[in-house]
Amino acid sequence: MKTKQIKIELNIPFTFDIEYYKDGWSAKCIEYDGMVTGGSKKNPTDDEMVEMMKDSIRTAFHLNKEYEGK
């Protein structure tokens, strides 16, 4: 299994551990237990994964998409 880490800055840092599987990938936030995302695409781009991770952050904190960077 291949793994990597991506950090996202939205006023506070969010670090996601990413695991790749034969049938997709998953990302789990280190700082906030239970914040997860993933997909069935075998080779997603970093941009695709980051967008899904940002969506999981917005969902967890009940934020609008327009919140980013404010």
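The values are calculated or read from the model by the stated rules, or taken from the named source; none is laboratory data. Everything numeric here is computed off the predicted structure, so don't read it as measured data. Every residue, glycine as well, gets a Cβ built from its backbone with ideal geometry; the counts of neighbours run over all protein chains shown. Heavy atoms of the whole protein, side chains included, go into the accessibility calculation; ligands, DNA and RNA do not. Shrake-Rupley method; radii C 1.70, N 1.55, O 1.52, S 1.80 Å.
For the chain, lysine pairs with C-alpha atoms less than 21 angstrom apart, excluding pairs fewer than eight positions apart on the same chain, total 25. Principal semi-axes of the equivalent ellipsoid, √(5λ) from the alpha carbon gyration tensor of the chain, are 21, 12, 10 Å from largest down. Taking the protein heavy atoms of the chain in the context of the full set of protein chains, the accessible area attributed to carbon and sulfur is 50 percent at 1.4 Å. The mean sequence distance of close C-alpha pairs (under 8 Å, at least 6 residues apart), as a share of the length of segment 1-50, puts its relative contact order at 27 percent. Per-residue ellipticity at 222 nm computed for the chain from its helices equals -7500 deg cm²/dmol, with DSSP H segments shorter than 4 residues left out and the rest contributing -39,500 (n - 2.57). Of E9, E31, the residue with the largest accessible area leads and the full order is E9, E31 (1.4 Å probe). From the residues G38, G24, Q5, which one has its Cα farthest along the dipole of segment 1-42 in the positive direction, the dipole being from +1 and -1 charges on Cβ of Lys/Arg and Asp/Glu about the Cα centre? Positive-most Cα among the choices belongs to G24. The residues neighbouring Y21, those whose beta-carbon lies less than 15 Å from its own, together hold a net charge of +3 under the Lys/Arg +1, Asp/Glu -1 convention. The chymotrypsin sites (Phe, Trp or Tyr not before Pro) of the chain meeting both criteria, a DSSP state outside H, G, I, E and B (loop) and at most 15 other C-beta atoms within 10 angstrom of the site's C-beta, are Y32.
Solvent-accessible surface of the chain, taken per residue with a 1.4 Å probe and all protein chains present: 68 Å². For segment 15-20, backbone phi angles converted through the Karplus equation (6.51, -1.76, 1.60; θ = phi - 60°) give residue-by-residue couplings of 10, 10, 8, 10, 10, 9 Hz, Gly and Pro being listed as x.
Axis angle, to the nearest 10 degrees, between helix 46-61 and the longest C-alpha principal axis of the chain: 50 degrees. Only the Cβ atoms of Lys and Arg (+1) and of Asp and Glu (-1) were treated as charged; on that basis the dipole of the chain about its Cα centre amounts to roughly 160 debye.
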